[in-house]
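Have a look at the structure below, then the notes.
The values are calculated or read from the model by the stated rules, or taken from the named source; none is laboratory data. Predicted, not measured: the structure shown is a model, and the values here were computed from it. Cβ placement follows ideal geometry from the backbone for every residue including glycine, while neighbour counts extend to all protein chains displayed.
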Amino acid sequence: MAASSSASPVRTSRPQRFRGVVVSAKSRDTIVVSVETYVPHPKYRKFVRRSKKFHAHDPGNTAPEGAQVVIEASRPYSRLKRFRLVEIVALPREENVKDALLVAEEEKIAPHAREAAQGAREASARGAGEDAEA
């Protein structure tokens, strides 16, 4: 009697998918995605936010920082990369990108400029406070 192929069909599960925000796109072909989940607290049962960062493969560096993306579990690409970029859901708004570029540019030119500006604001606030009291 020949063996029949009445074995049940192989079920393959779908890989995990997460939606998150790109927090770093500095490495070549790699993005770091922060994924937030809501889970109940073990004791108090209040839902709290938990975030986790995943390294994902992004061939061609297509996703900029601040973009909302969907990542999917895949074969290991490296020691940390176990996900791949599936789609870019939303790009960051232009003013956020411009602000980020301006801050990065300021830090390249004068890394201590922020501290100097903060000191000047404090000094002017002290001077204005003395005028108001008099």
Exercise. VAL89: touching a residue at least 60 places away in the same chain (Cβ under 8 Å) and part of a strand (DSSP E or B), yes or no?
Worked result: yes
Exercise. Which residues, counting only those in the range 52-67, are touching a residue at least 24 places away in the same chain (Cβ under 8 Å) and on the phi < 0 side of the Ramachandran plot?
Worked result: LYS53, PHE54, HIS55, ALA56, HIS57, ASP58, PRO59, THR62, ALA63, PRO64, GLU65, ALA67
For this session: Of the numbered conditions (1) under 11 Å from the mean Cα position of the chain (by Cα); (2) of a type outside the set (Lys, Arg); (3) modelled with pLDDT under 95, VAL33 fails exactly one; give the number of that condition.
Result: (3)
Exercise. Hey, any hits in the range 72-82 for a residue that's at pLDDT 95 or above and assigned to a strand (DSSP E or B)?
Worked result: yes
Exercise. Could you list, in sequence order, the residues of the range 19-54 that are under 13 Å from ILE71 (Cα atoms) and among the β-branched types (Val, Ile, Thr)?
Worked result: VAL21, VAL22, THR30, ILE31, VAL32, VAL33, VAL35
